[in-house]
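Here the structure is laid out as structure tokens; the discussion comes afterwards.
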Amino acid sequence: MPTAIRAGAVQRELEALREQIRRHERLYYVLDQPEISDAEFDALMNRLKGLEKQHPDLITPDSPTQRVGGAPREGFVKVAHSAPMLSLDNAYSYEELRAWDRRVRELAGADQIEYVCELKLDGLSMAVRYAGRHLQLGVTRGDGSVGEEVTANLRTIPSLPLSIPAAQLNSAKLPHDFEVRGEVLMPTRSFERMNEERDRQGLPRFANPRNAAAGAVRVLDPNITAQRRLDFYAYFVLVRGNYFFSTHSASLQALATAGFKVNPNWKSVHDIAEAIEFISGWEQRRQSLPYEIDGIVIKVNGLRAQQELGFTGKAPRWAIAYKYAARAGLTRIEDVLVQVGRTGKLTPVAALSPVSIGGTTVTRATLHNMDEIARLGARIGDWVQVERGGDVIPKVVKVIHDAEHPRGTRDFQMPARCPECGGNIVRGDGEADHRCVNASCPAKLRETILHFASRGVMNIDGMGEALVGQLLERKMVRDVADLYSLTLDDLLKLERMGEKSAANVLAEIERSKQLPLERVIYGLGIRMVGERTAGLLAAHFGSMDELMIAGAEQLQQVPEVGPRVSESIREFFDEPGNHRLIERLKAAGLQMRGPKKQRGTALAGKTFVLTGTLARRTREDAKALIEAAGGKVSGSVSKKTTYVVAGADPGSKLEKARELGVQVITEKELEGLLNC
Ligand code: IVH
């Protein structure tokens, strides 16, 4: 076949695959109505990736494979907004809302005004410009007139389309150039998962999903944004900086037709009384939403009326945010209990004399950790103020007493052993939290198994939440080693488990025994030991036995292992329960040895900074090669940098190198140093 015809066929297949994938992405992420399984979706994506790898010249920027691309950047560029991004005035009572409504009707000269009620999503607002149907620019709110350009990060949000088919824009009656404004948020579940992962890595937790989302949007490396599982809900559309439809409800409908995710919980109402009904209806229901909201936004629906009302300072007169109150109550701490979380973190929880707050009886409130107890100065027997915010768990916010604690109060002490399993409790230097280090502690087991079985670890396909839930409920598994003694009969006792799926799961478990030592180390869930550190440990020690007996000094000879990581590894192997677990994994036939890899020393003590596009390899590969030869790679140029490797279109790092007199070399010269 002539090349041109073959290329044409490939091009058609690529386009067809991309169309199909875009459709399924929309069904899954925007409409929440998937038609195919995750595995089928992955298969389509892999086929596309494979074809694009063979034909890199045919990759388009709006291909679904191109959400995460490029290397981390060095800073954000400021961009002026096409029209100011305003904030909202707040109301805290129905009375304030009624007063606002009276003013609106007076200024608009109308007896009746139609409003649209929307959830006030607790995220951060964003402006996203589309040019010629393609996502062109994403900008944060900033100070309202100028924001920061975060396009590469926004592209990784799966519910935000990279391009919109012309047909969809036509039916939405939208031109090909327009701007969407909306809210980026992190669903509660992603937030919890992320904090658990940060616990494992010994990183500080994010206080709430909003901060976590803000952090994820403002990181310099889009790969990190991609891992944070963000969502985007659109609520305005602008064309040339102006509103385009004659009502707000029409804009919302057009956005949904075009393919954006629009929060379905909006309602147009005829008067403020109906708006108040909407608000009180969501006051309790909001607990069941998969993301946090901090109030309800009420907007005048008609564009004409909006224009008549105009703005005051930084907020429109035609909209207002009703904020749900953080509800509080006074009560006494009767006792302090200790809860063991899914990551092994021990949380002191106050057992309270029952108190009614916002219509719910509260008997427990978190005290977070020992530092927080000290900060509050709380003792058992104290009177305290308890708050229920947007989140479900009430917290103690203040101790109430004049000068001294009432008589009969006493201090709370953290127990020396885990209340769930009797395992060792540790508190690292400078850390606020106490933790149980027994990998088989029942409180942690669910998370430990899910981590152990997950794709990047032991890759046991089918061992998901549903199956693990059943195995734990029926007490069929007490630690990860028990997975290896499950039988067909065991699995057939479970719900929704036929012969075929049971056999598949068993085959997957069997197959996992072949995975290399580094995966087993990673699978143990040692805090601060992620995939990369596990790999370095396996390469350095070559066996689980050597790793288990290594002292702090030996551990710190491994690249990237410092005092904190080595301490965490020691704590793990000092727990006798973990020794028994490893013995049982060994008996089950998992890989406990691996090749010892000596690191090169040719580049030892030398620090490299890479800038620009390299011609013969990705930056990641260059980094791996340098590290394998004993060198270090850093993200920024300083006096300590030995070489800056400059590829095509180098960035400001090159200037910095010249300024500091750091030696600049080419990719070829780097190869010379690496002998390749
Ligand atoms: S409208 C001019 N609608 O709340 C109107 N904002 O306090 C400004 N927000 O910066 C935005 N949900 O980040 C609007 N349904 C919603 C919203 C919403 C959340 C946020 C947005 C805004 C802030 C103002």
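Among the residues of segment 512-524, the one identified as over 22 Å from Ser440 (Cβ atoms) and either under 30 Å from the mean Cα position of the chain (by Cα) or open to solvent by less than 40 Å² (accessible area, probe 1.4 Å) (or both) is Pro516. For segment 368-387, the set of residues classified as more than 13 Å from Phe412 (Cβ to Cβ) and over 34 Å from the mean Cα position of the chain (by Cα) consists of Trp383 only.
The residues in segment 24-40 that are part of a helix (DSSP H, G or I) and either over 17 Å from Arg67 (Cα atoms) or open to solvent by less than 40 Å² (accessible area, probe 1.4 Å) (or both) can be counted, and the count is 7.
Being among the small types (Gly, Ala, Ser), within 14 Å of the ligand (Cβ to nearest atom) and over 19 Å from the mean Cα position of the chain (by Cα) is the filter here, so list the residues in segment 123-170 that pass it. Correct list: Ala127, Gly142, Gly144, Ser145, Gly147. Residue-level analysis places Glu473 outside the set of residues that are under 30 Å from Ser566 (Cβ atoms) and of a type in the set (Asp, Glu). The one condition from (1) within 23 Å of Phe541 (Cβ to Cβ); (2) part of a loop (DSSP other than H, G, I, E, B); (3) free of Cβ contacts under 8 Å to residues at least 40 places away in the same chain; (4) among the aliphatic types (A, V, I, L, M) that Leu590 does not meet is (3).
Screening Gly182 against (1) at pLDDT 95 or above; (2) open to solvent by less than 10 Å² (accessible area, probe 1.4 Å); (3) away from the ligand (no atom under 16 Å from the Cβ) leaves a single unmet condition, (3). Here Tyr92 passes the criteria (1) modelled with pLDDT of 90 or more; (2) within 16 Å of the ligand (Cβ to nearest atom) except the one numbered (1). Of the set (1) of a type in the set (Ser, Thr, Tyr); (2) part of a helix (DSSP H, G or I); (3) within 27 Å of the chain's Cα centre (by Cα), all apply to Thr257 but (3). If you go through segment 222-245 and keep only what is within 15 Å of the ligand (Cβ to nearest atom), part of a strand (DSSP E or B) and open to solvent by less than 30 Å² (accessible area, probe 1.4 Å), you end up with Asp231, Phe232, Tyr233, Ala234, Val237, Leu238. Looking across segment 79-114, the residues that are open to solvent by 70 Å² or more (accessible area, probe 1.4 Å) and in a helix (DSSP H, G or I) come down to Glu95, Glu96, Arg98, Arg102, Arg103, Arg105, Glu106, Leu107. Take the conditions within 30 Å of Gly630 (Cβ to Cβ), within 29 Å of the chain's Cα centre (by Cα), aromatic (Phe, Trp, Tyr) and buried (at least 16 other Cβ atoms within 10 Å of the Cβ) and apply them to Phe608. Does it pass? No, not satisfied. Is it true that Phe76 is assigned to a helix (DSSP H, G or I) and aromatic (Phe, Trp, Tyr)? Judged against the criteria, Phe76 is not a match.
Summed over segment 571-584, residues that are touching a Leu at 6+ places or on another chain (Cβ under 9 Å) and either free of Cβ contacts under 8 Å to residues at least 40 places away in the same chain or among the aliphatic types (A, V, I, L, M) (or both) total 3.
Checking the stated criteria, Val219 turns out to be part of a loop (DSSP other than H, G, I, E, B), open to solvent by less than 40 Å² (accessible area, probe 1.4 Å) and either at pLDDT 85 or above or within 26 Å of Ser82 (Cα to Cα) (or both). Selection over segment 256-273 of residues that are in contact (Cβ under 8 Å) with a residue 24 or more places away in the chain and over 30 Å from Asn170 (Cβ atoms) gives a count of 4.
From the list Gly542, Gly551, Gly577, which one is of a type outside the set (S, T, N, Q), on the phi > 0 side of the Ramachandran plot and more than 30 Å from the chain's Cα centre (by Cα)? Result: Gly542 is the single residue among Gly542, Gly551, Gly577 that is of a type outside the set (S, T, N, Q), on the phi > 0 side of the Ramachandran plot and more than 30 Å from the chain's Cα centre (by Cα).
Looking across segment 209-238, just one residue is more than 17 Å from Arg189 (Cα to Cα) and small (Gly, Ala, Ser), and that is Ala234. For segment 662-675, the criterion of being under 34 Å from the mean Cα position of the chain (by Cα) and crowded, with 16+ Cβ neighbours inside 10 Å is met by none of the residues. Within segment 63-73, the presence of at least one residue that is modelled with pLDDT of 90 or more and assigned to a loop (DSSP other than H, G, I, E, B) is confirmed. Arg129 falls short of the stated requirement of being within 18 Å of Leu309 (Cβ to Cβ), open to solvent by 20 Å² or more (accessible area, probe 1.4 Å) and either at pLDDT 95 or above or not polar (S, T, N, Q) (or both).
Kindly evaluate Glu114 against the criterion of being at pLDDT 90 or above, away from the ligand (no atom under 16 Å from the Cβ) and either in contact with a His (Cβ under 8 Å, 6 or more places away or on another chain) or closer than 23 Å to Tyr243 by Cα (or both). Spelling it out, Glu114 is indeed at pLDDT 90 or above, away from the ligand (no atom under 16 Å from the Cβ) and either in contact with a His (Cβ under 8 Å, 6 or more places away or on another chain) or closer than 23 Å to Tyr243 by Cα (or both). Residues in segment 13-50 that are of a type in the set (A, V, I, L, M, F, W, C) and farther than 19 Å from Leu162 by Cα: Ile36, Ala39, Ala43. When the residues of segment 197-216 are filtered to those that are more than 26 Å from Ser163 (Cβ to Cβ) and crowded, with 20+ Cβ neighbours inside 10 Å, the one that is farthest from the ligand (Cβ to nearest atom) is Asp199. When you check Ala214 against the structure, is it in contact with a Leu (Cβ under 6 Å, 6 or more places away or on another chain) and over 23 Å from Leu31 (Cβ atoms), yes or no? Answer is yes for this residue. Checking the stated criteria, Ala273 turns out not to satisfy the condition of being within 16 Å of the ligand (Cβ to nearest atom) and not in a loop (DSSP other than H, G, I, E, B).
What number of residues in segment 284-298 are within 24 Å of the chain's Cα centre (by Cα) and either open to solvent by less than 40 Å² (accessible area, probe 1.4 Å) or near the ligand (Cβ under 10 Å from one of its atoms) (or both)? The qualifying residues number 6.
Of the set (1) of a type outside the set (A, V, I, L, M, F, W, C); (2) open to solvent by 20 Å² or more (accessible area, probe 1.4 Å); (3) touching a residue at least 40 places away in the same chain (Cβ under 8 Å); (4) away from the ligand (no atom under 15 Å from the Cβ), all apply to Lys120 but (4). When you go through Ala466, Ala432, Ala443, Ala481 one by one, which is the residue that is part of a loop (DSSP other than H, G, I, E, B), touching a residue at least 24 places away in the same chain (Cβ under 8 Å) and of a type in the set (A, V, I, L, M)? Just a single option satisfies the conditions, and that option is Ala432.
The values are calculated or read from the model by the stated rules, or taken from the named source; none is laboratory data. The structure presented is a predicted model; accordingly, all values stated were derived computationally and were not measured. Backbone-built Cβ (ideal geometry, glycine too); neighbour counts: all protein chains shown. We work out accessible area using only protein heavy atoms, side chains counted, and drop any ligands, DNA or RNA first. Shrake-Rupley method; radii C 1.70, N 1.55, O 1.52, S 1.80 Å.
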